[in-house]
1. State the extension gain, in nm to one decimal, for the chain segment bounded by residue 62 and residue 266, taking 0.36 nm per residue of separation less the distance between their alpha-carbons.
2. Compare the peptides 95-102, 244-251, 231-238 by average per-residue count of other Cβ atoms within 10 angstrom and give them in order, highest first.
3. Applying a 10 Å radius around every beta-carbon, put 176-182, 52-58, 155-161 in order of their mean neighbour count, most first.
4. Considering only protein heavy atoms and a 1.4 Å probe, what is the carbon-and-sulfur percentage of the accessible area of region 61-289?
5. Can you give the extra length, in nm with one decimal, that the chain gains between residue 42 and residue 182 once fully stretched, where that is 0.36 nm per residue apart less the Cα-Cα distance?
6. What is the spin-label model distance, in nm, from residue 241 to residue 217 if the labels are put 7 Å beyond Cα along the C-beta direction?
7. For 94, 60, 149, what's the largest-to-smallest order of accessible area, 1.4 Å probe?
8. Quick one: check the C-alpha center-to-center distance for region 244-275 versus region 47-87, whole angstrom.
Amino acid sequence: MSARPSPATAPSEAHRAAPSATAAAPAVPAADTPIPLRGHLRHTGALIRRNLLWIRQDPESMFDAVLMPIVFTLLFVYVFGGSIGQALGGGQDEYVQYVVPGLLAMMGMNMAMGVGTGFNQDFNSGVMDRFRSLPIGRGSVLFAKIAVELLRMLVAVAILLVVGVLVGFDVTDWGGLLAAVALAAAFGSSLMWVFLTLGVVLKNAQSVQGMGFLVLMPLQFGSSVFAPPQSMPGWLQAFTDYNPLSTLADAARGLMVGGPVARDLWVTLGWTVLITAVMAPIAIRKFKTKS
């Protein structure tokens, strides 16, 4: 008959066995464990590579970045260039110098909407659930999305400039051109935090796209991107004066073709910092808490 351990000795033996069992279990870092900066950078780089590979597998996702600058440039130059160019005191050539910097400002805003729809699609497909179950920085997922979208924006800007030169745009200051591109990228990245938030809180990509158009259309057409605001009604001119897209377009014109820059540059940078400071924490928190 086998001997049974006494109640006095059983807890002691179990207590001695517990450390060995604990030691045998592999250490799995929790998803909410603080991650050092180097880890965040490594995770962001891996996610950027993942997003770029996805674009390689789905080249149709680049259609908007490739076609939008071509369509918008040709449409506005050849449909509205003559009449608006006369209002500017010249002709179509004068309007080309006016509208190409404005379209450069618009590219960042339009590309920003794409990051929200793509983010929402990743949620609905379950990709984000997989990311949130891994021990990676939550902000890394968002920063990687923004980085890839900025690369798409640079592709759109390069195509815009090529088409602009073909229709007569004259770059008078290459250093100013680079500064205008950097300013548009900075402002566009701030808007991406807005659309990342919409991508988290709205249910589907169609809702994100619809809300995006409601936001973008008044900002684009109630600005100095396509036409000088002097010909607009007084109430619309007042809106245009406070529209950050107007200050971005005017700063880009000053940098690329000459003109006053300082006020519009600082106002645009102020909007960029303000939007980022408000929306980036909201987007990260919404991403962490989304069920």
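1. 70.2 nm
2. Peptide ranking by packing, descending: 244-251, 95-102, 231-238.
3. Averaged packing, sorted descending, gives the order 155-161, 176-182, 52-58.
4. Heavy-atom surface of region 61-289 belonging to carbon and sulfur, 1.4 Å probe: 69 percent.
5. Difference between extended and current length: 47.9 nm.
6. 2.7
7. Accessible-area ranking of 94, 60, 149, largest first: 60, 94, 149.
8. Using only Cα atoms, the two centres lie 22 Å from each other.
The values are calculated or read from the model by the stated rules, or taken from the named source; none is laboratory data. These numbers come from a predicted model, not from an experiment. Reconstructed Cβ throughout: ideal geometry from the backbone, glycine too, with neighbour counts over all protein chains shown. Side chains included, ligands, DNA and RNA excluded: accessible areas come from the protein's heavy atoms. Shrake-Rupley method; radii C 1.70, N 1.55, O 1.52, S 1.80 Å.
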